[in-house]
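Visitor: I have a structure I would like to understand better, so I am pasting it below and will then ask my questions one at a time.
The values are calculated or read from the model by the stated rules, or taken from the named source; none is laboratory data. In this text, all values refer to a predicted model and were calculated from it rather than measured experimentally. Here Cβ is always computed from backbone atoms with ideal geometry, including for glycine, and neighbour counts include all displayed protein chains.
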């Protein structure tokens, strides 16, 4: 820390110009502040949301890539806007990131950019993975190991995967200038050390900030309701809830599985507004589950903590882990996660 | 950085040289003993092998002498069997050298021979390879050898070998001062591509702080531009940077380990032997490596170093787009001014248009020059980057977000301190801190990082109070009422600072441009409203706090401090605002038992009067600006306070208006004669002054008559009070009371 030279007076100019901006409310920063104020002063989440609609994926998506994203456990992070990120430089980023990873792994040995390592990094866009046209294009980063085998059966093994996306992120877009790319949701699968290295590189290169995105019980109930509300052709898994009771020496977990059709029937009975989910309905849905459980086991689940929700659409854990199962509702699930991520970085 | 490693290396060097220094004196004695031993064995004839050995060694020594003399003389041209003799002598030298090493004189002569080019380059190579000292090499020999390099008699490969030898044997050279004088010569040899790596290594060992000169830095950078990122050049550059960080602006990859090709491998075994001779078993192989010697305990998996990122130029992200941009392009482009070079304010001014910004904007917090820059920059994206980074970092680091995790408490406190220092420096708050306060205040216990947290409150940027109230001030009020008196005082203190900051911003803004053209024109009233709402909020807090804390003098001081700011807004900040204190505060202060409170109240009343008078005057002068005329209510309120004060303190006719107490009640309480009990003589806060005053007059008296203080004595008494330091009272009486009305 260098010492501040207080003898040099600071120009006051900026304070006044910002004061003016305040009254006009023109700058992105001001809009930012406004939105935070709104979010903080009112109920944090809007009381109603849309039920995820069938396949909102845009046509130009790559089914193989989308399939790759399903049935995997992803750890969630929120990410502040990337500064000077460019989709035209993905090749260059692959090269730089792989050099960075190699350098990190070799702990300090001199490494030349472009040298041959036994790993390879690829950047690729996930076409069509967006909610609106304004949303930034989603992209995928993979760390592959180069096998030592001869050429013909050279198959790269995927060591780590991470992807960045923004689904219906309008509220964030409005508050940044065009130097920034908004991909507030980051999902990673693979060793955490790799996540850390990639994250560090992104933070250093694009002046952004990653924070783990935990999902609190309130949002988990929303997920439970919204995902139960989704129309399914066939159910692949039971609807399951996991509650945690804090007690010593070990915490007690209560698992509560319901047949998905029963869950849907319950939802339909509490659901009124077509196409939408309201806070009231979510509360009612959960209350019904609680009272049912209480009738049988005399345990008040409302006094415990909801830690996991799994449905045929997706399953989510309070630690910020998610597994998306249903291709149809991929966008819907991601839209909600994007909303949570944006809330966290506001 | 590499400094630690370097220090370690030089320590190791020192260690070896120390050991060898001591060895210089010791071995003589040991040798004598050896001699004695061999003599003894000779005498007794007990051990023949020992005898043989000694004999053989003697022979070897003799042969060596002959060989050395042979080389010294140079090849005999006439001799046919020259090669054979040469071979024989060379073998002798090699044998002795690898077995026991050579004495300094031997090395001196042979080095001369090898570099003078008397023999062919193959022979020179062989000679150089066996220049292994028994213990030490004299510095003079090296200097002489170097002088041969200038003559140009030896081939390139010999030169390379010589430098390699020099690097390998560096630790065995007895002194280095003379060699260091040749620094410039060695440096010039960097030009030679073949020599460059070895010379770099030598320079790396040789460089002292005084050797690092700007022209050398320039030369090295040129070389690097020419040859690209070479590890040996980087090693030398980073050493230079360590010695003179101001001279080198390139950001060297701190994380890379920069190393030299192992030049000592030719002599590995020999070096080991020499070291063993010098100091017994070697402590560890001498590593000449630069690298990340600092081992940070990996506290967090992600940003392992510190919360605030290190200042690095944003070269990476900028250049990503431009393929094939080499370091030389980067260095030669005059477009931007690298951050690492930025050391002074004039530099900032000169380069402000082309300053290269840090890759992570958070780094500016630790750099006052960049804070200057941030302060006047118009680029919104810079502020946004800082905003995002700071918001997220505060959120991540905030310790009361993490349950039961107070380990990083100290670190978080330091981080907040850094932010506050930056805010004080800029005289401006960060928006990120404001949003952090919104989010964290409802969860704050009022204890953790209290001082820092409240300072952040005082730097909230000016904005509409009614908007801030539900986000911030309502939560703060809850904490205020339920906490200790000390917390209350701290809150009042920080709110005073907040008020002051707001007033400064507003006053600066008004005087920046003519009010008429400013977009603020219509909203100046709005801003004044906001300020007055803040003052009224503090008024409410204070009134309740005074009651909760039973009129605590301590608390009243903090409250009146706040109003000392408030009463002077019109004159000090030239803002059209006068807000009076609430009744609860006024009467608490007026009836206080503490003279300093009363004094402070008098001072505030005096300033209110001046401000209101000034406002009235201005109103009369410019009748147009009606918007900011104070309502007559303000004047009435002030007059009410003034009458009450004069009535109590001066005319002994207290509470004439608005207060009626049943005389019966007063009689029951035994204070039927209450009228003068609050005047300057009888006021409980001043009673002790009155007694002292009277005792001063007639020290022998056992009973003093309070009522005797009247007329002239009243005036003396006043002078006495003023001399006792009640300056506020003095100002109040001088300005508000006409002296004709002496009671």
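Visitor: Could you tell me whether residue B:376 is more than 20 Å from the chain's Cα centre (by Cα), within 11 Å of chain A (Cβ to nearest Cβ) and surrounded by fewer than 20 Cβ atoms within 10 Å (Cβ to Cβ)?
Guide: Yes.
Visitor: If we scan the range B:350-368, do we find a residue that is part of a loop (DSSP other than H, G, I, E, B), touching a residue at least 60 places away in the same chain (Cβ under 8 Å), buried (at least 16 other Cβ atoms within 10 Å of the Cβ) and within 21 Å of the chain's Cα centre (by Cα)?
Guide: So far as the range B:350-368 goes, no, none of its residues is part of a loop (DSSP other than H, G, I, E, B), touching a residue at least 60 places away in the same chain (Cβ under 8 Å), buried (at least 16 other Cβ atoms within 10 Å of the Cβ) and within 21 Å of the chain's Cα centre (by Cα).
Visitor: Any residue at all in the range A:49-64 that's farther than 30 Å from residue B:470 by Cα, assigned to a helix (DSSP H, G or I) and modelled with pLDDT of 70 or more?
Guide: So far as the range A:49-64 goes, yes, one or more of its residues are farther than 30 Å from residue B:470 by Cα, assigned to a helix (DSSP H, G or I) and modelled with pLDDT of 70 or more.
Visitor: Given the residues B:456, B:468, which is the only one that is more than 14 Å from chain A (Cβ to nearest Cβ) and buried (at least 20 other Cβ atoms within 10 Å of the Cβ)?
Guide: Testing whether each residue is more than 14 Å from chain A (Cβ to nearest Cβ) and buried (at least 20 other Cβ atoms within 10 Å of the Cβ) leaves just B:456.
Visitor: Can I ask one more? Answer with yes or no whether residue A:320 is farther than 25 Å from residue A:190 by Cβ and touching a strand residue (DSSP E or B) at 6+ places or on another chain (Cβ under 8 Å).
Guide: Criteria not met by residue A:320.
Visitor: Which members of the range A:222-236 meet the condition of being farther than 12 Å from residue A:311 by Cα and not in a loop (DSSP other than H, G, I, E, B)?
Guide: Residue satisfying the conditions is A:222 alone.
Visitor: Taking the criterion of being farther than 25 Å from residue B:547 by Cβ, in contact (Cβ under 8 Å) with a residue 24 or more places away in the chain and in contact with a helix residue (DSSP H, G or I) (Cβ under 7 Å, 6 or more places away or on another chain), would at least one residue in the range B:473-495 satisfy it?
Guide: Checked against the condition, which is being farther than 25 Å from residue B:547 by Cβ, in contact (Cβ under 8 Å) with a residue 24 or more places away in the chain and in contact with a helix residue (DSSP H, G or I) (Cβ under 7 Å, 6 or more places away or on another chain), the range B:473-495 yields no hits at all.
Visitor: Any chance the range B:641-649 includes a residue that's closer than 26 Å to residue B:577 by Cβ and either modelled with pLDDT under 80 or assigned by the TED database to the domain that holds residue B:710 (or both)?
Guide: no
Visitor: Also, I was wondering about something else. Can you find a residue in the range B:217-234 that is touching a strand residue (DSSP E or B) at 6+ places or on another chain (Cβ under 7 Å) and either crowded, with 21+ Cβ neighbours inside 10 Å or in a helix (DSSP H, G or I) (or both)?
Guide: yes
Visitor: Go through the range A:184-208 residue by residue and tally those that are crowded, with 24+ Cβ neighbours inside 10 Å and within 14 Å of the chain's Cα centre (by Cα).
Guide: 4
Visitor: Can residue B:165 be described as part of a helix (DSSP H, G or I), in contact (Cβ under 8 Å) with a residue 40 or more places away in the chain and under 25 Å from residue B:118 (Cβ atoms)?
Guide: Spelling it out, residue B:165 is indeed part of a helix (DSSP H, G or I), in contact (Cβ under 8 Å) with a residue 40 or more places away in the chain and under 25 Å from residue B:118 (Cβ atoms).
Visitor: Of the residues A:333, A:277, which single one is surrounded by 21 or more Cβ atoms within 10 Å (Cβ to Cβ) and within 30 Å of residue B:393 (Cα to Cα)?
Guide: A:333 is the lone residue from the list that is surrounded by 21 or more Cβ atoms within 10 Å (Cβ to Cβ) and within 30 Å of residue B:393 (Cα to Cα).
Visitor: Mind counting the residues in the range B:666-687 that are surrounded by 10 or more Cβ atoms within 10 Å (Cβ to Cβ) and free of Cβ contacts under 8 Å to residues at least 24 places away in the same chain?
Guide: Count: 10.
Visitor: Out of all the residues in the range B:392-411, is one or more within 10 Å of chain A (Cβ to nearest Cβ), within 24 Å of the chain's Cα centre (by Cα) and without any contact (Cβ under 8 Å) to a residue 12 or more places away in the chain?
Guide: Scanning the range B:392-411 turns up at least one residue that is within 10 Å of chain A (Cβ to nearest Cβ), within 24 Å of the chain's Cα centre (by Cα) and without any contact (Cβ under 8 Å) to a residue 12 or more places away in the chain.
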